Amino acid sequence: MVDSAAWDQSVRTSLDSRFLRFRDEGIWHAAPLLTGQTCFEPLPNVRNILVTGGEGFIGSSLVRHLTVNSLNNARMLESKGNFDFFHGDVTQPIDVLRCLKKHNIDTVFLLAAHTHVDLSFGNSYNFTKNNVLGTHVLLESIKEYGKFKRFYHISTDEVYGEALAADLVESSTLDPSNPYSASKAAAEMIVKGYVKSHKLPAVVIRLNNVMRPHQYPEKVIPKFINLLRRQMPLLLHGDGQHTRQYLYAGDAAEAFDTILHKGEIGQTYNVDSRDEISNIGLAEKLLDLFGLTDKSIWIQHTHDRKFNDRRYAVDGKKLRQLGWEQRTKFEDALAATVDWYGKFENWFGDIEGVLTAHPVVEGDHVEPESDLASAGNLCNDVEAIMGATNNGIAHTQEHTAVPNGSHANGAKPGVKVHTGAKKRKADVMIDT
């Protein structure tokens, strides 16, 4: 029998050791505050919320928003009375049940997931295990646990497949086109099965691409920023004309909060964005922020994915009818993100293996591809250009909003938030 107190202490010691270098550098106190603005009256039947994947990129935004303004993902919430960290594996029933019972959970947001499309082509079994089996284990554990009120399944707009014409509504046919989106669609079907068979009080939320500082550089925006900071060109899949809609993570957290307080159980909600941009358009905006003008040097093209949807786009009218609106402009969010990586360049340690157009998966690890080596051999004029502009990166004020309903000690009234981080060798990197 595992001594849970000893295990929790062991995990805490490990985390303290891992983050010591940041504490010594004062990095915790310098990191920006990133929260949203929505603030609702507490719901009478929502007292203890479990956010699986709460130390991940989107999950940490929701945790901070539900708890209080905080620093660096969930780490600085540990002193708050309405926050707990639970270290477990979402694919292991014993871990999930122990968390549900220990914290008397009544509400769950499921955000623990593998999310990188490129990695899903070479490591699809792990995507099925984490995204599909993890969802199934959580639902079955909830059924066994019994004392439960609400389940929020966070999905993706990619389950719809391409949206070449009109933006897609919640009733549109699901047509996933890669192993990642297929795993998320499969997870949705399991949720819907539990809704019908076991009367699970569930809501499905489908998101656009989400962005902000702190994102691990396997995703396109932080990857491009870190490439430019290393005086390396931006490698575009195919012709670079694929378009995506981007939403600031603080706005996504507000959407979750709005659906929690105003949404209807049993419904599906799209979370959309008014900011749609092509990959080449994104590259050009970043070059502008870095003060770089010669696109022929800084933008290069490589072969496309095995299949790459030309466009994802959803219609979020149903959510906007609840009162939610996108607050943050893409240009402001992008400038803030560039600024953050300029200040905290070493946050994630060695990231060379993911700064490639097509990461190579070996087992549970990402290996560098030849793109990175060849990209490092830029001509001397690039170094000269970068040397002249290194100090010219655009800066912007940090976007911070304190929830109106916060207590004096910083804790939101009436609700306690618990976050679970999955134990694994290589998942969506824990964004801390």
Task: Cα-based convex hull, the range 191-284, per residue volume (Å³, whole number) - done: 128 Å³
Open item on the list: For a quick check of your reading of the filter: which chymotrypsin sites (Phe, Trp or Tyr not before Pro) in the range 268-340 sit in a DSSP loop and have no more than 14 other Cβ atoms within 10 Å?
Closed with: Phe307
Open item on the list: Using amide H atoms built in the peptide plane, which far-off residues or other-chain residues are under 5 Å from Leu50 H to H?
Closed with: Asp106, Thr107, Val108, Phe109, His418
Task: Amide H contacts of Thr156 (H built 1.01 Å from N, under 5 Å, at least 5 apart or other chain) - done: Leu207
Open item on the list: Test of the criteria: in the range 263-337, which GluC sites (Glu not before Pro) are in a DSSP loop and have at most 14 other Cβ atoms within 10 angstrom of their Cβ?
Closed with: Glu264, Glu325
Task: Integer Hz, Karplus 6.51/-1.76/1.60 couplings in order for the range 244-258, x for Gly and Pro - done: 9, 9, 10, 10, 5, 4, x, 5, 5, 4, 5, 4, 4, 5, 5
- [ ] Return the long-range amide H neighbours of Asp275 (sequence gap of 5 or more, or a different chain), with a cut-off of under 5 Å between placed amide H atoms.
- [x] Tyr246
Task: At R0 = 22 Å, FRET efficiency that the Cβ-Cβ distance of His301 and Gln231 yields, to 0.05 - done: 0.70
Task: Ser197, Ser181 arranged by Cβ crowding within 10 Å, fewest neighbours leading - done: Ser197, Ser181
Open item on the list: If I take R0 = 35 Å and measure r between the Cβ atoms of Asp294 and Gln321 in this structure, what FRET efficiency does the formula 1/(1 + (r/R0)^6) give, to the nearest 0.05?
Closed with: 0.15
Open item on the list: On a 25 Å Cα-Cα criterion, which of the cross-link pairs Lys184/Lys285; Lys143/Lys184; Lys223/Lys343 come out too long?
Closed with: Lys184/Lys285
Open item on the list: So, R0 is 45 Å and r is the distance between the beta-carbons of Glu352 and Asn45; what FRET efficiency does that work out to, to 0.05?
Closed with: 0.40
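No value in this document is a laboratory result; all are computed from the given coordinates. As the structure is a prediction and not an experimental result, all values here were calculated from the model. Every residue, glycine among them, receives a Cβ derived from its backbone with ideal geometry; neighbour counts consider all protein chains shown.
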